[in-house]
1. Could you give the nm distance between label points at residue 123 and residue 60, where each point is 7 Å from its Cα heading toward the beta carbon?
2. Where does segment 1-88 land on the Kirkwood hydrodynamic radius, alpha-carbon pairs, in angstrom?
3. With the calculation restricted to Cα positions, what are the radius of gyration and Dmax of the chain in angstrom?
4. Could you work out how far helix 35-44 tilts from the main Cα principal axis of the chain, as a 0 to 90 degree angle to the nearest 10?
5. Given the chain, what percent of its DSSP beta bridges are antiparallel, to the nearest 5?
6. Run lengths n ≥ 4 of DSSP H only: what is the helix-derived mean residue ellipticity at 222 nm for the chain, with -39500 (n - 2.57) per run over all residues, to the nearest 500?
7. Can you list, largest first and rounded to whole Å, the semi-axes you get for segment 133-186 by taking the square root of 5 times each eigenvalue of its Cα gyration tensor?
8. May I ask for the angle, rounded to the nearest 10°, between helix 110-122 and the longest principal axis of the chain, with both axes built from Cα atoms and the value confined to 0 to 90°?
Ligand SMILES: [Zn+2]
């Protein structure tokens, strides 16, 4: 049976490019120009996967992710998001909202996106509980000192409240091996 994909993208050029590629790869492709349209399509038919742009007019991709991941009828559908440049804030927000992975629009070729989609669909039985892992980093071991100085992390002490900064790791399931994006944050200030 053909896999059915919902392609949510406001740029007609990009939409058309991915549609042709996915149709060639034997996918049934339904398109939506914005988040509103995506939600409507999701209420009308069932999909195996969603390829979702984040920056869109009317309703953006984050809102769509929120709706999908909080609706028990939709929450099992894997959502792969398009990030414009792979900015950590964008990626972190999408992953914490339940996206299974992300592709960087500017640098990822449609072929590679299709490969990712296939990989995700072949692993569909594996349920990824998207979690965040909070770690404490010991100072002065290996490259910790250099890391703190290169990124002006103030020896991993929060500048506002002087609490220790913790390392938050967010899993990225689009890679085969254990792969994460991470950032330092203060648990007290939550920043
Ligand atoms: Zn703080």
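1. 2.7 nm
2. Answer for segment 1-88: a Kirkwood hydrodynamic radius of 13.0 Å.
3. So, for the chain, Rg and Dmax equal 18.6, 57 Å respectively.
4. Here the helix axis deviates by roughly 60 degrees.
5. 40 percent
6. So the helix-based figure for the chain works out to -9500 deg cm²/dmol.
7. Sorted largest first and rounded, they come to 23, 13, 9 Å.
8. Once rounded, the angle reads 90 degrees.
A short reminder: the numbers here are calculations on the coordinates, not readings from a lab. Keep in mind that this is a model prediction, so the values were computed, not measured. Positions of Cβ are backbone-derived with ideal geometry, glycine not excepted, and every protein chain shown enters the neighbour counts.
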